[in-house]
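The values are calculated or read from the model by the stated rules, or taken from the named source; none is laboratory data. Since we're looking at a predicted model, the values are computed, not measured. Please note: Cβ atoms are built from the backbone with ideal geometry, for glycine as well, and neighbour counts cover all protein chains shown.
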Amino acid sequence: MKRNINKLTLKAFRKELRNRSTSSEACLWKMLKNKQIAGLKFRRQSSIGNYIVDFYCPEIKLIIELDGVSHDNYLAEEKDEKRDAFLTKEGYRILRFENRYVFEFPEEIVGEIIKAKESFVHSFDQANKIPLS
């Protein structure tokens with residue numbers, strides 16, 4: 001089977017990104033690490049396919065992306081759309097927040113993560129329901 005998560009060819013680049021994270025990434029990581037939100041384990045700077053995502057929760061296939069100034073142009077938006085289409089097709093759910101939300105509205109981020117978990121659990125339960133007939 002082809003390796004799709006954390007390709008070895010991207011390992012050095014992922015490590016570099018972890019070592020030079022933005023202040024918003026560092027702040028959000030403090031909230032996410034050690035299963036502090038809804039008992040979910042997050043990884044940071046993981047690769048899925050050829051894309052590196054900011055935060056990833058394998059348990060519920062959730063990706064969190066923080067967008068700064070570098071995402072405020074047409075080319076970046078086009079690239080993000082292509083990447084999001086690939087990740088969505090692979091079954092991932094993506095939450096995107098502007099960097100400032102980490103500092104100004106952290107409770108909203110936590111709320112969206114909890115909603116994503118509840119939605120995942122509900123859809124999983126529905127998909128695995130055994131008919132009574």
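The table below gives the values:
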{"read-out": "Test: Leu66 is in a loop (DSSP other than H, G, I, E, B), at pLDDT 90 or above and in contact with a Leu (Cβ under 9 Å, 6 or more places away or on another chain)", "value": "no"}
{"read-out": "Top-ranked residue of the stretch 39-58 - restricted to ones that are assigned to a loop (DSSP other than H, G, I, E, B) and free of Cβ contacts under 8 Å to residues at least 24 places away in the same chain, ranked as farthest from the chain's Cα centre (by Cα)", "value": "Gly39"}
{"read-out": "Every residue from the stretch 82-116 that is assigned to a helix (DSSP H, G or I), more than 14 Å from Ile52 (Cα to Cα) and among the charged types (D, E, K, R)", "value": "Lys89, Arg100, Glu104, Glu107, Glu108, Glu112, Lys115"}
{"read-out": "Failed item in (1) in a helix (DSSP H, G or I); (2) surrounded by 11 or more Cβ atoms within 10 Å (Cβ to Cβ), with Ser21 passing the rest", "value": "(1)"}
